[in-house]
Amino acid sequence: MKLKTVALGTALAALASMATAEVKVGMITTLSGGGAGLGIDVRDGFMLAIEQSGRDDIEVVIEDDQRKPDVAVQLADKMVQSEKVDVLTGIIWSNLAMAVVPSVTAQGKFYLSPNAGPSQLAGAGCHPNYFNIAWQNDAFHEAAGAYAAQDGAKSVFVMAPNYPAGKDAITGFKRGFAGEVTAEVYTQLGQTDYAAEIAQIKASDADLLYYFLPGGMGISFMKQYAGSGAETPVMGPAFSFDQGILGAIGDAALGVKNTAHWSKDLDVPGNAEFVAAFTEKYGRLPSLYAAQGFDTGLLLVSASAKADVDDADAFRAALMEGDIQSVRGSFKFAPNHHPIQTIYMREVVKEGDVVTNKIIGTAAEDYADPYGAECKM
């Protein structure tokens, strides 16, 4: 699937004018199959920021990676070699990011991550042209571990998919949690049947279940868990309980606590306006992924207004400034080009007929990932 969009103009208008964009962006994201909702939200949030900027010199070429690393690599090669993009963005999944980012940055291109934050790219595999606008994978989980301990949990059953982000998730949670991890279970990426895992959880005497299952995996698990009669309280990261996922899970998720750097009810400048604009344009509430896509678009607009993308040093410095009004509030980059930010605890509630999240506290102030010390650049 391929979409080509020129900000503030239709594709037909762009072809008619034959205008040459001063900044060409290649977005590779998941638009079909499992996890498509995440990629669609990142895309829509990013394009909203470009549209609101009023810039007609930014071109965005959008491709569907189908959540397949080999497809993502082929698309990245085409974008760099044939499309001649200046900046790449869009990848949702950490295994795809690990397949694409080192190659494109080695070729002198900039990569702005609106989601995936594998530990390897925050630490020894960092690169001057790689910036993560979302988080490092451990972040929400480490904050959740600390919050769970403070909230009185003594023992936790932890579960995540067996891929880089899943491993980072459990590593982060265990780093933050002071109690006992009674079981550490890794599921298959894309798994839909969780009967065996739910049986393990029901047999466990853990005080809490903490799981990270993004996209359709989380929908399948929570529906099965709620229908199983299991009574262990649930906590997770926002990826498992974000707006798009809650729409599919429904009341089964009520009461679940989850960590996030953003929420639609976060009272910071620009956030209410973003929520209203996104809802009006797309007919749905924005998700965490939409907010991250929006902030990524804001950063691209800001940096490209200050520096020519062809002047790599100047453009890199402009990115590093992080000069945006982030919809998550305070935002700045650590030396490894990953965010320093506040992480909140949310609870799933019902507002009228809508199952959604509200902020109930702070899980971590000014969180910076622990891998920066390994980054030498």
Counting only residues that are buried (at least 16 other Cβ atoms within 10 Å of the Cβ) and either modelled with pLDDT under 95 or not hydrophobic (A, V, I, L, M, F, W, C) (or both), region 304-322 contains a total of 3
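Residue-by-condition table, conditions (1) surrounded by fewer than 23 Cβ atoms within 10 Å (Cβ to Cβ); (2) among the hydroxyl-bearing types (Ser, Thr, Tyr); (3) over 28 Å from the mean Cα position of the chain (by Cα):
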{"site": "Lys202", "(1), (2), (3)": "yes, no, yes"}
{"site": "Asp205", "(1), (2), (3)": "yes, no, yes"}
{"site": "Phe212", "(1), (2), (3)": "no, no, no"}
{"site": "Met222", "(1), (2), (3)": "no, no, no"}
{"site": "Ala226", "(1), (2), (3)": "yes, no, no"}
{"site": "Thr232", "(1), (2), (3)": "yes, yes, no"}
Requested in this report: With the condition kept exactly as written, say whether any residue in region 251-265 is surrounded by fewer than 24 Cβ atoms within 10 Å (Cβ to Cβ) and more than 16 Å from Met345 (Cβ to Cβ).
Outcome: yes
Log entry, pairs with first residue in region 210-230 being assigned to a helix (DSSP H, G or I), second being of a type in the set (D, E, K, R), beta carbons closer than 7 Å, six or more apart or on different chains, reads none
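When you scan region 299-317, do you find a residue that is of a type in the set (S, T, N, Q) and either assigned to a helix (DSSP H, G or I) or on the phi > 0 side of the Ramachandran plot (or both), even just one? Step through it out loud before you land on a result.
From region 299-317, those of a type in the set (S, T, N, Q) are 302, 304; that's our starting set.
Within this subset, residues satisfying the condition of being either assigned to a helix (DSSP H, G or I) or on the phi > 0 side of the Ramachandran plot (or both) are 302, 304.
Looking through region 299-317, at least one residue is of a type in the set (S, T, N, Q) and either assigned to a helix (DSSP H, G or I) or on the phi > 0 side of the Ramachandran plot (or both).
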Take Gly270 and decide whether it is modelled with pLDDT of 95 or more and out of contact with any strand residue (DSSP E or B) (no Cβ under 7 Å at 6 or more places or on another chain). yes
- Item | Phe294 surrounded by 23 or more Cβ atoms within 10 Å (Cβ to Cβ), in the same structural domain as Ala122 (by TED's automatic domain parsing) and not hydroxyl-bearing (Ser, Thr, Tyr) | yes
The correct count of residues that are surrounded by 15 or more Cβ atoms within 10 Å (Cβ to Cβ) and either at pLDDT below 95 or among the hydroxyl-bearing types (Ser, Thr, Tyr) (or both) in region 330-354 is 3
A careful count of residues in region 321-350 that are outside any loop (DSSP other than H, G, I, E, B), farther than 15 Å from Ala368 by Cα and in contact with a Phe, Trp or Tyr (Cβ under 8 Å, 6 or more places away or on another chain) gives 3
Ala153 fails exactly one of (1) surrounded by fewer than 24 Cβ atoms within 10 Å (Cβ to Cβ); (2) in a helix (DSSP H, G or I); (3) in contact (Cβ under 8 Å) with a residue 24 or more places away in the chain, namely (2)
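Any idea how many residues of region 280-290 are of a type in the set (Ser, Thr, Tyr) and closer than 15 Å to Glu51 by Cα?
Going through region 280-290, the residues of a type in the set (Ser, Thr, Tyr) turn out to be 282, 287, 289.
With the extra rule that they be closer than 15 Å to Glu51 by Cα, the set shrinks to 282.
Qualifying residue count for the region: 1.
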Checking the structure you have, find out if any residue of region 274-287 is among the hydrophobic types (A, V, I, L, M, F, W, C), touching a His at 6+ places or on another chain (Cβ under 9 Å), part of a helix (DSSP H, G or I) and within 25 Å of Gly215 (Cβ to Cβ). no
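The values are calculated or read from the model by the stated rules, or taken from the named source; none is laboratory data. None of these values were measured; they are calculated from a predicted model. Quick reminder, even Gly has a Cβ in these numbers, built from the backbone with ideal geometry, and neighbours come from all protein chains shown.
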